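Chemist: The structure's right below; bear with me while I get my questions together.
The values are calculated or read from the model by the stated rules, or taken from the named source; none is laboratory data. Just so it is clear, the structure is predicted and the values come from calculations on it, not from any experiment. Note: ideal-geometry Cβ built from the backbone for every residue, glycine included; neighbour counts use all protein chains shown. These accessible areas exclude ligands, DNA and RNA; they are computed on the full protein's heavy atoms, side chains included. Shrake-Rupley method; radii C 1.70, N 1.55, O 1.52, S 1.80 Å.
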Amino acid sequence: MPSVNVVNGKQIVVVDVGPVERAARFVAKPFRQMWHHRDLIQAILRREVAERFKGSVAGWVWAVVAPLLAIAVYTFAFTTNLKLPMADSAMGARTGYALFIFSGIIVFNFWSEMAFRAPMLLHEYVHFIKQTIFPSDMLAVISTLRATIYTVISITVMLIFQLSAVGGLPWTVLLMPLIFVPFIAFLVGMSWFLCAVGAFTRDAGYLMINIVPLFMFATPVFYPHDSLPPPWNLVIYVNALTGYVEVMRDIVLLGVLPSWKVYAWALFTSAFTFYFGYWFFDRYRNVIVDVI
């Protein structure tokens, strides 16, 4: 039954809900917030995208040139003298390994951009947060969508390169949204958590600067996960990026359906990180305004 409380002369109706309804409201809350502030998200996202290459003569050309140069360098640098992943594919050793690395780099760069920026994100927009009624939780969504745009460009370049090298693409490419939507949710949740921690201490930003390069080698970017001896071939999945990299390669390069266990683990890490990050940010939302 609802109860009526009087606060500062105003009646506030408090509705008692069960645990199931509370859980359902919590699950839906971040999405309701995103929909409610959709106009604000679009406005700031357009500004962020426009400022990415502000002052550059080439502008958006750099967003295409960078992944093209990366593929060219990987193709040139790695020879067939080694037993390389994808060596037996239709693309050949050089091209196959170049795409093998580049597919991992796409996932890693997407994550690293958010890991570097998130701890200081609230400090970037401190003038908005302190001077206006600003939904600070939407900054993580906006910055992730901004990074998504450049990631999509890199993926498009990779697919065009693969199409020109092989003459076709596997049908499993159509399944890419099934891995990138959970990955985006994972990054948004991670950003919420790092935003909140970064508001209290700038050490979070310095920590990311030091550990992100280490994750380059703790993630199977340059090597297949199954090349590791037991039990490390399983321990490496503690790094959530491993599952996303593996699924990405399965559906884009190998043209096979990913392992259901790996995909289930990726979905779990995505949902857990998304909601834990939102819960953590929402818990300290009111305090953040005073500490940044």
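Chemist: Based on the mean of other Cβ atoms within 10 Å per residue, sort peptides 117-123, 176-182, 129-135 so the most packed one is first. The partial results should precede the final answer.
Modeler: Details: 117-123: 21.3, 176-182: 16.7, 129-135: 12.0.
In decreasing order of mean packing, 117-123, 176-182, 129-135 become 117-123, 176-182, 129-135.
Chemist: Then there's this: Using θ = phi - 60° and the Karplus relation 6.51 cos²θ - 1.76 cosθ + 1.60, list the HN-Hα couplings for the range 107-118 in order, rounded to whole Hz, with x at every Gly or Pro.
Modeler: 3J(HN,Hα) across the range 107-118, in whole Hz: 5, 5, 5, 4, 5, 5, 4, 6, 5, 6, 8, 4.
Chemist: Per 0.36 nm of contour for each residue apart, how much would the distance between residue 214 and residue 238 grow if the chain were fully extended, relative to their Cα-Cα spacing? Kindly include the intermediate steps, with their values, before the conclusion.
Modeler: Numbers: separation 24, 0.36 × 24 = 8.64 nm, distance 1.45 nm.
Net length gain for the segment: 7.2 nm.
Chemist: Separation between the residue 126 and residue 268 pseudo-spin-labels, each 7 Å from Cα along Cα→Cβ, expressed in nm?
Modeler: 4.0 nm
Chemist: Give the carbon-plus-sulfur fraction of the accessible surface of the range 121-173 in %, rounded to a whole number; probe 1.4 Å, heavy atoms of protein chains only.
Modeler: C and S fraction of accessible area: 69 percent.
Chemist: For the range 36-51, take each phi angle, set θ = phi - 60°, evaluate the Karplus expression 6.51 cos²θ - 1.76 cosθ + 1.60, and give the result in whole Hz per residue in order, putting x for glycine and proline.
Modeler: Listing the rounded values in order: 5, 9, 4, 5, 5, 4, 4, 5, 6, 4, 4, 5, 5, 5, 5, 8 Hz.
Chemist: Let me ask something else about it. Hey, can you rank 263-270, 280-287 by average C-beta count inside 10 Å, highest first?
Modeler: 263-270, 280-287
Chemist: Evaluate the relative contact order of the range 171-292 (contact order divided by residue number), counting alpha-carbon pairs under 8 angstrom at least 6 apart; express in whole percent.
Modeler: Result for the range 171-292 is 49 percent.
Chemist: Now for a separate question. How much FRET efficiency would the formula 1/(1 + (r/R0)^6) give for residue 287 and residue 20, where r is the Cβ-Cβ distance and R0 is 35 Å, rounded to 0.05?
Modeler: On the way: r = 29 Å, r/R0 = 0.84.
Efficiency for this residue pair is about 0.75.
Chemist: Between residue 164 and residue 226, what's the calculated FRET efficiency when r is the beta-carbon distance and R0 is 35 Å? Round to 0.05. Display every interim value, and only then the final one.
Modeler: Details: r = 29 Å, r/R0 = 0.82.
The formula returns an efficiency of 0.75 here.
Chemist: Could you calculate the FRET efficiency of residue 203 with residue 279 from 1/(1 + (r/R0)^6), where r is the beta carbon distance between them and R0 is 25 Å, rounded to 0.05?
Modeler: Working from the Cβ atoms, E equals 0.70.
Chemist: Determine, for each peptide in 37-50, 222-235, 242-255, 183-196, the mean count of other beta carbons within 10 angstrom over its residues, then list the peptides with the highest first.
Modeler: For the peptides 37-50, 222-235, 242-255, 183-196, the packing ranking is 183-196, 242-255, 37-50, 222-235.
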